[in-house]
Amino acid sequence: MLPVPAKYSLADIQSRPAREPDWRAQSQALLGLAALQPESREALLAGVAHAALSLCCAASAGISLPEMADGNPVFRWHAIAGRLAALQGQAVPAADCPCALTLDGGKPLLFTSLLDDFPALAASCAGVQEALIVPVIRGGRNLAALWVVSMDDTCRFGPEDERVLVELAQVAGASLEMAGARDFSKRETQRYSEVIAVLAHEFRNPLGPLENSIDGLRRLTPAQSTQWQLLDVAQRQVRHLKRLMDELQDAARLDHGKLGLNLSEVRLDDVIADALACVQERVTAHRHTLTVTGLADDIRFAGDQVRLVQVVANLLSNAVRYTPDGGRVDLLIIRTHQEGRDVLEIVVRDNGIGIDAAALPHLFEPFSQFSNARPRHEGGFGIGLSISRKLAELHGGTPTVTSGGAGKGTVARLRLPLQTAEATVAKPAPRGEKIAPAQILIVDDSDDARFALATLLEMDGHHVKTANSGASALALFDSWKPDLALVDLGMPGMDGLELAQRLRAHPCRAGVKLVALTGRVSEQEQRAALDAGFDAHLAKPVDMEQVRAMAAPREH
């Protein structure tokens with residue numbers, strides 16, 4: 001603690017009369033600050049400043065934080081309440097600021113001739129008669145200065161004002177520390193999300209050619225042979241890896257509130273069929289009896305078919321996962337009319353191991369399966385239900401899970417309001433249907449990716465050419481015009497976005513359908529691809545049924 005130079009006009013606040021504490025007002029102020037703890041650092045500091053203004057009957061109050069500006073130390077007014085509020089955000093050189101003197105001294109100081117002692121403040125703080133400043137210290141570090149000022153003869157600060165400010169400074173210090181920890185956690189979460197995106201991209205790139213190669217080998221191998229069975233194993237494991245990558249990416253999007261929907265008209269029977277297909281292998285392997293009831297009507301509504309399949313498949317997958325071999329899983333479709341609108345309920349009921357009552361409230365929390373006593377089966381990250389809840393909420397729906405307890409099975413219920421769709425879903429061409437051959441260009445710097453995808457499309461009867469760079473693709477366009485171009489976005493040199501922009505710059509190439517392929521699945525990248533001139537955006541490894549649908553002749 002450094003001594004204060006004698007040239008400053010300071011008063012001994014302890015020699016002044018002490019007013020009676022107002023414990024009720026102070027308690028209410030502290031409760032208000034407690035309610036602000038989840039808010040931003042700015043909101044917390046503003047709350048402390050207003051509490052100081054009210055409790056000390058000051059003309060103005062605020063918090064000044066030490067910073068560096070252009071290599072020089074300054075104090076910036078971050079939160080100000082009262083008559084000097086217009087100064088918020090401005091900075092004062094540390095050499096011209098009483099806050100620096102207070103932090104150097106490490107104790108409260110009462111300045112009685114502030115404008116004479118610090119002439120640089122005369123213009124901005126005109127009218128200030130005295131200022132009480134206390135340091136905000138946390139863990140031995142000077143974090144900020146909390147101050148109150150009077151601007152008329154009726155207000156003079158005393159020992160009670162100092163006591164109140166010292167306690168508020170402790171609250172401010174804890175708030176700054178907590179806000180700093182929260183900001184650090186947010187940065188770490190952002191880094192985690194970026195790492196997940198990179199990992200998913202790197203894993204997706206080899207998964208594409210691997211899946212396509214397996215598909216090609218299946219088509220060249222006699223059915224029901226030993227080789228066919230081995231290829232079935234490989235294909236199932238590739239699909240499992242894809243599901244894991246999707247879960248990780250969705251978990252990162254969930255952290256940042258970036259899960260979104262692509263709405264169009266959805267047929268419920270398509271959603272149920274796709275969801276059942278996702279679990280059929282495990283149903284067969286565990287000898288489960290799976291029944292579907294109530295799916296007679298042709299129900300169409302607005303939704304995101306891919307995301308709805310994900311939700312229903314997750315509910316079915318959990319039922320299959322936690323039901324012993326030979327058990328029963330029932331899927332019920334119930335359509336009702338509630339509160340003036342049609343409501344759809346998709347119910348998944350099993351006779352499996354059930355859930356303890358203590359675990360039920362935590363089921364929709366991310367990674368909950370790692371922290372409860374429920375045994376884990378067949379892998380997964382424990383984030384499916386948390387993602388499903390968010391996707392259901394985006395559809396205006398609600399998922400619930402109930403259980404009678406251990407050994408009494410589980411009932412999962414998805415409740416969705418039915419809304420009329422304005423658009424229809426373009427259905428892919430069924431596998432094996434005869435389609436007209438198309439001229440297709442594949443642009444990718446990966447030799448394996450080009451070869452595997454080209455081979456599959458040639459097996460379908462299409463005429464395929466490939467290019468390993470944007471420059472070589474442009475050269476092909478000089479003498480040939482494809483119907484469809486599948487372009488990898490992440491190529492070195494001229495990337496896919498630049499290639500699309502160059503192609504769209506020539507009117508003679510306007511009829512080419514451009515489809516972006518990428519392992520980085522994000523809304524930002526989708527928008528960037530569409531802005532560059534792509535007609536569609538597909539995540540790697542690409543769904544071959546979607547590619548086949550895009551290769552089909554356009555309707556006129």
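Let me confirm something: among 132, 55, 143, which residue is at pLDDT 90 or above, out of contact with any Phe, Trp or Tyr (no Cβ under 6 Å at 6 or more places or on another chain) and of a type outside the set (S, T, N, Q)? Result: 55 is the single residue among 132, 55, 143 that is at pLDDT 90 or above, out of contact with any Phe, Trp or Tyr (no Cβ under 6 Å at 6 or more places or on another chain) and of a type outside the set (S, T, N, Q). Taken over segment 5-29, the residue count meeting the criterion of being loosely packed, with under 15 Cβ neighbours inside 10 Å and aliphatic (A, V, I, L, M) is 3. Surrounded by fewer than 19 Cβ atoms within 10 Å (Cβ to Cβ) and out of contact with any Gly (no Cβ under 9 Å at 6 or more places or on another chain): is that true of residue 66 in this structure? Yes. When the residues of segment 446-455 are filtered to those that are out of contact with any Gly (no Cβ under 8 Å at 6 or more places or on another chain) and not hydroxyl-bearing (Ser, Thr, Tyr), which remaining residue is surrounded by the fewest Cβ atoms within 10 Å (Cβ to Cβ)? Ranking the qualifying residues of segment 446-455, first place goes to 447.
Across segment 297-316, the qualifying residues are those that are over 21 Å from the mean Cα position of the chain (by Cα) and free of Cβ contacts under 8 Å to residues at least 40 places away in the same chain, and the one among them that is surrounded by the most Cβ atoms within 10 Å (Cβ to Cβ) is 313. Restricting the search to segment 55-78, which residues are small (Gly, Ala, Ser), in a strand (DSSP E or B) and farther than 20 Å from residue 160 by Cα? Correct list: 64, 69.
The values are calculated or read from the model by the stated rules, or taken from the named source; none is laboratory data. If you're wondering where the values come from, they're calculated on a predicted model, not measured in any experiment. Cβ: placed from backbone, ideal geometry, glycine included. Neighbour counts: every protein chain shown.
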